[in-house]
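Encoded as structure tokens, the structure appears first; notes follow it.
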Amino acid sequence: MKRFSLFIISLITVFSFSCIFFYTYFKESPEEANITMNKVDAIKDKITTMSLDEKIGQLIIGGFNGYTVDSNTENLIKENHLGGFILFQRNVENSNQLLKLINTLKSLNKGNIAPLFISADEEGGTVTRMPNEIKKLPSNSYIGKINNEDFSYNIGKTLGKELNAFGINMDYAPVLDINSNPNNPVIGIRSFGDNKDIVTRLGTRTMEGIKSQNVIPVVKHFPGHGDTSVDSHIGLPVVNCDLKRLNDFELAPFKSAIDKGADAVMVAHILLPKLDPKYPATLSYNIITDLLRKDIGFDGVVITDDMTMGAIMENYNIGNASVKAINAGADIVLVCHKYENIQTAINSIKKAVSDKVITEDRIDESVYRVLSLKEKYKLTDNKINSVDVNEINKSITDVLNKKY
């Protein structure tokens, strides 16, 4: 009995010293804890000073036509306090023009509460927004065939470098959809392939490469657009997967990316009747809040796919859809086309708050995530004086020569 008591005492002593060791060496220092707390408090304090218009503006990223800023776009910045813009080929004439356009957007935003997200779909391959002077990077399907993680990382790094050179700080990439349906009309070569492991490994490394250049990667299209036969730009795809299939297959690349520090996720316009028979993922509380946030544990920024795509516009009023997306758990509503659509989204969200359909606490929750992301990446509206196209092209040539 005495030996047993001594054994128990020894165990307790070892356990106590282990706890002290781990607490001492792995906890935040008081200084680190204070820095973290001060950042949290500073963002919360900033939100308390913001008007409802400023808050709602931060939850919208909009698109516009043309190579220059028109009065409507200026109004979106100065009156609506828009959180960011998405650029397309329709906004890109050449390198000098693109840099001037981005600098103008930033300059107009100088008086606002937070710097702009300047975003683009820069995936490589056929989906690129870079000026013609910039050499093209390969598609994800090409990268998948090479199947080299270092090559994937360096492609991502190069994507980030060329975007950062112009002041573009957010990239809707990489595509983490597994191209499992050969009849898929919209993913195809944009995917790393039909192999879950390859898409997971290479997609995650590409994300990390983009991130290394202080550009925010937005992984897409959650919970997986690979097994569709309808283009969501035109109509609403239906995917009849149950949760077990999703967990075993489609969700694997997203879970890996989130485990490796993904800061932003784009949600797809796809209907999954076995998870939500009524609403597509973009508008679904079941998918955004229950699945992505609670089950998978993602607490970063959730961005909708473009709300002017056919999947939404053919089935919903864009204002009502924007309200549903926010209530489902989305933080940013992406509206790529037409000033009137952006204004409808803003006004509908504002009215929903007034009518108590959306609580202001729910708005604040998303504003907090958005401002935290901008703070994490130290975004600014500082002007960039010039872009070295030759240096960017040299980087692209170098990475393509080191694919094995």
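The values are calculated or read from the model by the stated rules, or taken from the named source; none is laboratory data. Since the structure is predicted, the reported quantities are computational estimates derived from the model, not experimental observations. Glycine gets a Cβ as well: all are built from the backbone with ideal geometry, and neighbour counts include every protein chain shown. Heads up: the accessible areas ignore ligands, DNA and RNA and are worked out on the full protein's heavy atoms, side chains in. Shrake-Rupley method; radii C 1.70, N 1.55, O 1.52, S 1.80 Å.
Keeping all protein chains in place, calculate the accessible area per residue for the chain (probe 1.4 angstrom), answer in Å².
Ligands and nucleic acids excluded, the result is 45 Å² per residue.
How many percent of all Cα-Cα pairs in the range 233-320 sit more than 22 Å apart?
Roughly 25 percent, once rounded to a whole number.
Please report the net charge: other residues with Cβ closer than 11 Å to the Cβ of residue 138, K and R +1, D and E -1.
After counting each charged neighbour, the total is +3.
Which of these, 282, 158, 359, has the largest mean-square fluctuation under a Gaussian network model of the chain (Cα springs below 10 Å)?
With Cα springs under 10 Å in the chain, the top fluctuation among 282, 158, 359 is at 359.
Applying the Karplus parametrisation 6.51 cos²θ - 1.76 cosθ + 1.60 with θ = phi - 60° to the phi angles of the range 377-393, what ³J(HN,Hα) value in whole Hz is obtained for each residue in order, glycine and proline being reported as x?
Values per residue, Gly and Pro as x: 8, 6, 5, 9, 9, 5, 6, 9, 6, 7, 10, 8, 4, 4, 5, 4, 5 Hz.
Heavy atoms only, probe 1.4 angstrom, no DNA, RNA or ligands counted: give me 395, 284 ranked by accessible area, highest first.
Heavy-atom accessible area, descending, gives 395, 284.
Relative to the compact globular guide of 2.2 N^0.38 Å, what is the alpha carbon radius of gyration of the range 165-297, as a ratio?
1.00
Collect residues whose amide H, placed 1.01 Å from N in the peptide plane, falls under 5 Å from the amide H of residue 117; neighbours closer than 5 in sequence don't count.
The answer is 84, 85.
Can you bin the chain into rounded, prolate or oblate? Criterion: square roots of the alpha carbon gyration tensor eigenvalues sorted a ≥ b ≥ c, rounded for a/c under 1.5, prolate for a/b above b/c, oblate for the rest.
It comes out rounded by the Cα gyration axes.
Summing Lys, Arg as +1 and Asp, Glu as -1, what charge do residues with Cβ under 10 Å from the Cβ of residue 126 carry, residue 126 excluded?
Neighbourhood net charge equals +1.
Over the chain, with a Gaussian network built from C-alpha contacts below 10 Å, which listed residue (223, 237, 277) shows the highest mean-square fluctuation?
Looking only at 223, 237, 277, the biggest GNM fluctuation is shown by 277.
Using Cα atoms only, what is the angle between the long axis of helix 339-354 and the major principal axis of the chain, expressed in degrees (0 to 90) to the nearest 10?
Approximately 50 degrees, to the nearest 10.
Explain nothing, just the number: relative contact order of the chain, from Cα pairs under 8 Å at least 6 residues apart, as a whole percent.
This gives 18 percent for the chain.
Can you list residues whose amide H is under 5 Å from residue 308's amide H, if they're 5+ apart or on another chain and H is modeled 1.01 Å from N?
Counting only residues 5 or more places away or on other chains, the set is 336, 337.
Calculate how steeply helix 30-49 sits against the longest principal axis of the alpha-carbon atoms of the chain, using the helix alpha-carbon long axis, and give the answer as 0 to 90 degrees to the nearest 10.
Here the helix axis deviates by roughly 40 degrees.
Please list 266, 313 in order of solvent-accessible area, largest first, computed with a 1.4 Å probe with all protein chains present.
Largest to smallest exposure gives the sequence 313, 266.
Could you please state how large a percent of the accessible area of the range 217-333 is carbon and sulfur, counting protein chains only and using a 1.4 Å probe?
47 percent
For residue 270, what residues show an amide H to amide H distance below 5 Å, using hydrogens built from the backbone and excluding near sequence neighbours?
281, 282
In degrees from 0 to 90, rounded to the nearest 10, what is the angle of the helix 196-211 Cα long axis to the longest principal axis of the chain?
For 196-211 against the chain, the angle is about 70 degrees.
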